[in-house]
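The structure under discussion appears below in the form of C-alpha cells.
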Amino acid sequence: MMRRLALSLLLLPLVAGCGLKPLYAGGASGTVATSLAAISVAPIPERSGWLMRNALIDRLGGEQKNAPYRLEVDLDDDISGFGIRGDRSVTRERRTLRARYRLVQASSGLVLLDATAGSDAGIDVVSSPYATVAAEQTALERLSKVVADQIVARLALYASSRPIGQ
C-alpha cells in the first residue's frame, strides 16, 4: 500500500506536464466560449428539428442574431421495429436520430466543419398506443439533447484548436 502511494506521488509531477488543458479555460470570456457564442443555428424542419435547434441554442449560450457563423443541421429521424412476435406484432422499436451538421462562415459561405453525430434509443411497444407514442416522443426529446451535446462538444474541440473568427 505504501509503495503504491509513493509511486503515485512520484508520478504526479509527470501528469502536470502532459499538456492537457481545460477545454473551457477562461470561463465565459475564454476562447471556446466566445467562439461558440458567435454561432447561430439555422432553422431545422419538423418537430425533431425544432427540438434539436432549441437544444443547440441552449448549449451555445442563446440565440444569436447576425452571428458571423451559422450551424446548418440536416436530421434523419427513424423508427424501426424489431422483436417480432409470432403474430407479427412488434414488441420493441429503435428510434435513431442522426445529424449531419456544417459550420458555415456566414459572409462567404465557406464550410469550416462538416461532420455527423447520432444516437439511438430502444422503446418497448406496449398494448396502449398512447403509451407507445409517449415513449417515442420522450425518446426523441432525449436523443435531441444527446446529439446536441455531441455537436457542441465537436464544435468546442474545433474552436479550441482553431478559434472561430481567426
Return yes when ALA148 is touching a residue at least 24 places away in the same chain (Cβ under 8 Å) and closer than 27 Å to ALA159 by Cβ and no when it is not.
yes
Give the residues of segment 85-131 that are hydroxyl-bearing (Ser, Thr, Tyr) and touching a Gly at 6+ places or on another chain (Cβ under 8 Å), sorted by residue number.
THR91, THR96
Search segment 97-120 for residues that are among the acidic types (Asp, Glu) and pair each with any residue that is surrounded by fewer than 13 Cβ atoms within 10 Å (Cβ to Cβ) and in a strand (DSSP E or B) when their beta-carbon atoms are under 9 Å apart and the residues are at least 6 apart or on different chains.
ASP120/ASP78
Number of positions in segment 86-117 that are of a type outside the set (Ser, Thr, Tyr), more than 18 Å from TYR158 (Cβ to Cβ) and touching a strand residue (DSSP E or B) at 6+ places or on another chain (Cβ under 6 Å):
7
If I go through segment 127-163 residue by residue, how many of them are over 13 Å from the mean Cα position of the chain (by Cα) and in a helix (DSSP H, G or I)?
16
Residue satisfying condition, being touching a Lys or Arg at 6+ places or on another chain (Cβ under 9 Å), surrounded by 12 or more Cβ atoms within 10 Å (Cβ to Cβ) and closer than 18 Å to ALA55 by Cα, within set LEU97, LEU143, LEU112
LEU143
Answer with yes or no whether SER80 is without any contact (Cβ under 8 Å) to a residue 40 or more places away in the chain and over 20 Å from the mean Cα position of the chain (by Cα).
yes
In segment 68-102, residues that are of a type outside the set (D, E, K, R), under 18 Å from VAL32 (Cα atoms) and out of contact with any helix residue (DSSP H, G or I) (no Cβ under 8 Å at 6 or more places or on another chain) total 2
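Where a number appears in this text, it was derived from the coordinates with a stated rule and is not lab data. Fair warning: this is a prediction, and the values are worked out from it, not measured in the lab. Reconstructed Cβ throughout: ideal geometry from the backbone, glycine too, with neighbour counts over all protein chains shown.
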